[in-house]
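Notes follow the structure.
The values are calculated or read from the model by the stated rules, or taken from the named source; none is laboratory data. Just so it is clear, the structure is predicted and the values come from calculations on it, not from any experiment. For neighbour counting, all protein chains shown are included, and Cβ atoms are generated from backbone atoms with ideal geometry for every residue, glycine included.
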Amino acid sequence: MTPKAILIICDGLGDRPIAELGNKTPLEAAPGNGLDKLVAKGACGVMNTIAVGIRPGSDTAHLSLLGYDPHIYYSGRGPIEAAGTGLQLRTGDVAFRGNLGTVDDIGNILDRRAGRIRNSEPFAQVMNGIEIDGVTFIARAGTAYRVALVMRGEGLSADISDVDPHVPGVPITPVRPLKDTPEAKHTASALNKFLAYVRPLLVNHPVNLERRAQNKPEANYLLLRGAGLYSELPPFSERYGLKAACVAGAGLYKGVAALMGMDIVESPGATGLADTDVRAKFETALKLVAGDYDFVFVHVKASDSLGEDGNFTAKTEFISKIKNAAEIFDPLPEGLLVALTADHCTPCANKAHSGDPVPVLFSGHGVTPDDVTEFGERSCRKGGYGRIPGLSLMDEILNLLGTAHLYGA
Ligand code: ZN
């Protein structure tokens, strides 16, 4: 077959040595040898996904790893989350991520997630399609209490304050323009009018009447944050000549892929949580490259979430699940390249992303093996790739696939 590639990004995979794990990292300590054959036939290295010493966000790191310099292409979290709900954005749209929250009668926040209400769809429906001052408001349900909102119209700006004060117990304040421009003032004004307009629609929503009767927190306010002015990304397929698909459970990663024009393919049991079916995701990716697709980006989320919880036992167990699932790549089909890495480290001790380099593995088509036999943060430092920048990852994939452009003559 034409050479094809699967890129697996395990979110927050990297860590630091932990005393309770015998001074190993969760990746080093996790049992399972399913990755070992890929490592034996492959070449490893470490990678700064954005640049040395930069603590990457998941959004900016994914742009970088897929070859889109975040300094040029990052326009905030809102547009990515909105794209992850399946919304087709247009250049000039201002997009937000949001939560349904609970506020009291005088506008103090009681609960930023409305009791973690499970379904935001009925609320998104009543907010969708409203027009105010030449702006159309498009609302889409995200998972659970999340809602994405897009403002579409002429002369909009993302230079406005968040609606969400980020902490409970404080009053909601009107949205303010953050720059003294007509665009920022117009956007803030239209958004404030929208929030006032939808307030009674939410308060009197039948689902809220039911919740009030059951004494549950009501979803009576839309808390928005992360405004971003969307501009179109160059399509992945044109940039690399690869027909691409994404297999992910969590919305942000589907959003990154959707903005690049990749097809989003659902995999059975993909939840974005620790109970996700990693093996099924890998199987889905193998089926896609056996068919029409040249490139599949697979995202696995829970290694990051468990690191942010500081739960090194659960992180180690989850990584063991990834290692075992990787058995499915043995034997690797002829012509297939597999790359496996992380978007950043999430050391359990920090409960946050760090700027440490992540381990990276290339195995299969085009790869000359090195001497690394175990996939870990320290073992990969001795690998044939040394230390590479994240923005070079796609270039190296093209090089190994044999489709990189000749630079010069
Ligand atoms: Zn991440």
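Worth pointing out:
- In this structure, VAL147 qualifies as closer than 18 Å to ASN208 by Cβ and assigned to a strand (DSSP E or B).
- Counted residues, the stretch 328-347 - those being out of contact with any Pro (no Cβ under 6 Å at 6 or more places or on another chain) and either among the charged types (D, E, K, R) or within 16 Å of the ligand (Cβ to nearest atom) (or both): 9
- Failed item in (1) buried (at least 19 other Cβ atoms within 10 Å of the Cβ); (2) in contact with a Pro (Cβ under 6 Å, 6 or more places away or on another chain), with LEU400 passing the rest: (2)
- Long-range neighbours under 8 Å by Cβ, at least six apart or interchain, first residue on the phi > 0 side of the Ramachandran plot within the stretch 228-246, second assigned to a loop (DSSP other than H, G, I, E, B) and of a type in the set (Val, Ile, Thr): GLY241/THR403
- Neighbours by Cβ (under 9 Å, 6+ apart or cross-chain): first from the stretch 90-116, assigned to a helix (DSSP H, G or I); second surrounded by fewer than 20 Cβ atoms within 10 Å (Cβ to Cβ) and modelled with pLDDT under 90: ARG116/ALA144
- In a residue-by-residue description of the stretch 53-68, the property of being part of a helix (DSSP H, G or I), away from the ligand (no atom under 16 Å from the Cβ) and among the aliphatic types (A, V, I, L, M) applies to no position.
- The residue that is farthest from SER189 (Cα to Cα), counting only those in the stretch 162-178 that are charged (D, E, K, R) and in contact with a strand residue (DSSP E or B) (Cβ under 6 Å, 6 or more places away or on another chain), is ASP164.
- Residue within the stretch 297-307 that is touching a Lys or Arg at 6+ places or on another chain (Cβ under 8 Å) and either surrounded by fewer than 24 Cβ atoms within 10 Å (Cβ to Cβ) or over 24 Å from LEU252 (Cβ atoms) (or both) present: no
- Taking the criterion of being in a strand (DSSP E or B) and either in contact with a Ser or Thr (Cβ under 9 Å, 6 or more places away or on another chain) or of a type in the set (A, V, I, L, M) (or both), the residues of the stretch 232-251 that qualify are ALA244, ALA245, VAL247.
- Filter result for the condition that a residue is in contact with a helix residue (DSSP H, G or I) (Cβ under 9 Å, 6 or more places away or on another chain), within 15 Å of the ligand (Cβ to nearest atom) and in a helix (DSSP H, G or I), over LYS254, LYS351, LYS281, LYS323: LYS254
- Residues of the stretch 181-206 satisfying the condition of being free of Cβ contacts under 8 Å to residues at least 40 places away in the same chain, surrounded by 17 or more Cβ atoms within 10 Å (Cβ to Cβ) and either over 11 Å from SER157 (Cα atoms) or in contact with a helix residue (DSSP H, G or I) (Cβ under 6 Å, 6 or more places away or on another chain) (or both): LEU195
- Residue in the stretch 217-231 that is surrounded by 20 or more Cβ atoms within 10 Å (Cβ to Cβ), over 24 Å from the mean Cα position of the chain (by Cα), of a type in the set (Asp, Glu) and not in a strand (DSSP E or B) present: yes
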